[in-house]
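Below is one structure, written out as structure tokens; the observations come after it.
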Amino acid sequence: MKEHVLLVDVQNDFCHPDGALYVPHAREDLAHLMQFLDKKIGDIDQVFVSLDSHWVYDIAHPRFWRKDNGLSPEPFSHVTLENLLNGDIVAINPIDQARAESYIKALEDKGSKHTLWPEHCILSTWGHALADEVILFLEKFQVAHQKAPEALLKGLNPYSEHFSVFSALIPDPTDASTQFNDTFAKKLLDCDRLYVGGQALSHCVGQTLIDLHAHVEDPRVLEKIVLLSDCTSAVQGFQGLASSYLERFESWGITIAKTKVFLS
């Protein structure tokens, strides 16, 4: 059996308690994931790793924006089209105002809200780096298999959220990195079983599977996916969203299971 693993954003800012956007229970998730990977290292044919990657100047960071009192909005607050049209909040760089309005409108037309996050996964910082345990495992994998893992950076376009491994929430037609990465998807799915773990279930993990479902030609291919439920958690306050995702994934034939099921 050919087995692949997708590690979604197992980075310090999400997985370490000192991280800028630490996901509750991520330390426990990482411990489960590492135990699973160490025991399965001989069976895994390839490891795919995504890294959330941003600049400080990013449409999902507070310092992209300015309120009418001259201050940046607070992390975890929302920016709405009404805010922008009323002048309650504006893009700090006037040249980006029209583009920001278009983006927020496109999100709201899809029924989504634009949430601002603490500045996180800033390229080349400690928070952007993979967790130490993951780095150690990837070294062992390379020695054991004499091949390199496949890594994908996502989110460097500052004008659109990029939760999914495959594409941005609102793809930019002028930026291929924001459009659905069909090449990566085909490599990932070229297996008999695909294990998925990482952070966060409510956002990047969840949107990755939703994005995949929307683009695969044959939805039965999703039946090869195993979401390791003890290796992913929700961002604080988004537990309900994560639960709704699990129900949806099961209806698509994705297996939801704890790591112990595959370690006996």
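Figure legend: label point modelled 7 angstrom from the Cα of D192 along Cα→Cβ; no residues of the range 48-69 have amide N under 12 Å from it. Counting every other Cβ atom within 10 Å of each residue's Cβ, D38, D52 order from fewest to most as D38, D52. Under Stokes-Einstein, with the Kirkwood radius over Cα pairs as Rh, the value for the range 63-166 at 37 °C and 0.692 mPa s is 201 µm²/s. Taking other C-beta atoms within 10 Å as the exposure proxy, S202, S160 rank S160, S202 from fewest upward. In the chain, the sites counted are trypsin sites (Lys or Arg not before Pro) in DSSP loop states with at most 13 other Cβ atoms within 10 Å, and the longest stretch holding none of them, exclusive of the sites, is 148-257. The range 111-169: which chymotrypsin sites (Phe, Trp or Tyr not before Pro) are DSSP loop and have at most 16 other beta-carbon atoms within 10 angstrom? Answer by residue number: W126. With 0.36 nm allotted per residue and the present C-alpha distance subtracted, the L246-W126 stretch has 40.1 nm of extension available.
May I ask for the angle, rounded to the nearest 10°, between helix 239-251 and the longest principal axis of the chain, with both axes built from Cα atoms and the value confined to 0 to 90°? The angle comes out near 50 degrees.
Averaging Cα coordinates gives a centre for the range 123-170 and one for the range 9-38; these two points are 14 Å apart. Taking every DSSP beta bridge that has both ends in the chain, the antiparallel portion is near 20%. Cross-linked pairs K40/K154; K40/K147; K186/K260; K39/K147; K147/K187; K40/K186: Cα-Cα separations exceed 20 Å for K40/K154; K186/K260; K40/K186.
Each stretch of four or more DSSP H residues adds -39500 (n - 2.57); spread over every residue of the chain, this sum gives -9500 deg cm²/dmol at 222 nm. Kirkwood analysis of the Cα pair distances in the range 62-115 returns a hydrodynamic radius of 11.1 Å.
Taken together, the values in this text are just the output of simple stated rules run on the coordinates, not laboratory data. This one's a predicted model, so the numbers in the text were calculated from it and none came from an experiment. In this analysis, Cβ positions are derived from the backbone assuming ideal geometry, glycine residues included, and neighbour counts consider all displayed protein chains.
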